[in-house]
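Step one of this worksheet: look at the structure below.
The values are calculated or read from the model by the stated rules, or taken from the named source; none is laboratory data. Please read all numbers here as calculations on a predicted model, not as lab measurements. A quick note on method: Cβ atoms are made from the backbone with ideal geometry, for glycine too, and the neighbour counts reach across all protein chains shown. Just the protein is used for accessible areas: all its heavy atoms, side chains included, with ligands, DNA and RNA removed. Shrake-Rupley method; radii C 1.70, N 1.55, O 1.52, S 1.80 Å.
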Amino acid sequence: EEKQTGGVEISAPSAILMEASTGTVIYEKDADTQRPPASVTKIMTLLLIFDALEEGKIGLEDEVTTSEHAASMGGSQVFLEAGETQTVETMIKCIAVASANDACVAMAEYVWGSEEEFVRQMNERAKELGMENTNFTNCTGLFDDENHYTSAADIAIASRELIKHEKIFDFSTIWMDTLRDGQFSLANTNKMLKTYAGMKGLKTGYTRASLHSFSGVAERNGMTLIVTIMGGATSDIRFSAAASLLNFGFSNFCVAKAGEITLPQLKVNKGKIENISVTSDTDFSLVVPKGWDKE
């Protein structure tokens with residue numbers, strides 16, 4: 001069932017709009033339907049990589065050697081050769097900017113020893129995050145496998161978790177870059193970096209079975225929104241659907257912090273004083289319609 005839509009209509013079959021700091025869902029359309037995610041899978045791959053960086057398990061300057069298996073990946077790639085070494089930082093750039101399948105597998109093997117173990121960890125992490133309509137069988141999304149699926153809502157959850165590692169934005173906002181001393185160029189698949197003010201990431205995906213998917217993160221006036229679109233018929237449809245939902249969110253909602261909300265006085269029954277004031281012991285925030293009544 002759709003939440004408040006404010007007259008927003010999008011043609012993509014599955015979509016969700018979420019406020020990042022609270023996780024509040026502002027809009028959803030068929031958001032729990034299981035669909036093939038294609039390269040949007042890489043949000044989970046990147047999450048595990050950034051988790052490993054934060055834990056000190058790996059470092060950005062570490063050298064990663066490409067295996068035969070990693071080099072054999074097709075689809076979008078940076079043509080890593082078996083035995084070629086690149087730093088973790090370069091590999092992340094190849095994944096986040098150019099959606100490189102070969103770099104994904106090389107990193108999976110580097111972080112958890114094998115792609116198989118890495119995928120097991122992806123599924124563990126998904127469970128931990130409450131992603132109930134998700135199962136991964138690989139770390140790239142390259143293969144249309146009926147056991148490899150997720151939902152728009154689950155991708156938004158993973159995206160929200162990934163952007164807690166703010167370092168991801170150092171990579172997801174790169175428009176163009178090069179590899180191997182300028183010999184190979186990387187171009188970002190997220191065209192909204194150039195067309196939508198405040199866009200900071202995150203990941204596009206396409207295969208024939210999944211069609212065009214996208215998980216985007218944009219920030220305006222201190223509010224960060226996550227939008228996930230799945231199954232768009234064309235690339236333009238997914239981006240225009242994302243823009244429509246983001247516009248809807250930014251123009252109709254804002255985040256209110258605990259300090260801005262006046263809590264009512266509580267009546268004391270048969271007490272020495274009639275009323276007591278209430279304060280919040282946590283620094284919570286709420287997503288509220290713009291022009292909300294602070295009382």
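Numbers for the structure displayed
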item: Filter result for the condition that a residue is assigned to a strand (DSSP E or B) and within 29 Å of VAL88 (Cα to Cα), over LEU202, LEU193; result: LEU202
item: In region 1-19, residue modelled with the highest pLDDT [restricted to those that are open to solvent by 10 Å² or more (accessible area, probe 1.4 Å) and either closer than 13 Å to SER213 by Cα or touching a Pro at 6+ places or on another chain (Cβ under 6 Å) (or both)]; result: PRO13
item: Residue match in region 36-43 (condition: open to solvent by 40 Å² or more (accessible area, probe 1.4 Å) and in contact (Cβ under 8 Å) with a residue 40 or more places away in the chain); result: yes
item: Sole exception among (1) within 18 Å of SER39 (Cβ to Cβ); (2) among the basic types (Lys, Arg); (3) surrounded by 11 or more Cβ atoms within 10 Å (Cβ to Cβ) for ARG180, by number; result: (1)
item: Cβ-Cβ under 8 Å pairs, at least 6 apart or on other chains, region 229-243 side farther than 19 Å from ALA158 by Cα, far side at pLDDT below 95 and not β-branched (Val, Ile, Thr); result: GLY232/SER11; ALA233/SER11; ILE237/SER11; ALA241/SER11
item: Residue ID - nearest to ILE58 (Cα to Cα), chosen from residues in region 118-155 that are open to solvent by 50 Å² or more (accessible area, probe 1.4 Å) and among the acidic types (Asp, Glu); result: GLU124
item: Lone qualifier among GLU89, GLU55 - being at negative phi, open to solvent by 40 Å² or more (accessible area, probe 1.4 Å) and either without any contact (Cβ under 8 Å) to a residue 12 or more places away in the chain or touching a Gly at 6+ places or on another chain (Cβ under 7 Å) (or both); result: GLU55
item: Contacts under 6 angstrom Cβ, first residue in region 68-84 being over 13 Å from SER99 (Cβ atoms), partner part of a loop (DSSP other than H, G, I, E, B) and open to solvent by 30 Å² or more (accessible area, probe 1.4 Å), 6 or more apart; result: GLU68/ALA82; ALA71/GLU81; ALA71/ALA82
item: Leading residue by the ranking (farthest from GLY59 (Cα to Cα)) among those in region 156-177 that are open to solvent by 40 Å² or more (accessible area, probe 1.4 Å) and either assigned to a loop (DSSP other than H, G, I, E, B) or among the polar types (S, T, N, Q) (or both); result: TRP175
item: Residue selected from region 237-260 under the condition over 17 Å from LYS290 (Cβ atoms) and open to solvent by 60 Å² or more (accessible area, probe 1.4 Å), by the criterion farthest from the chain's Cα centre (by Cα); result: GLY259
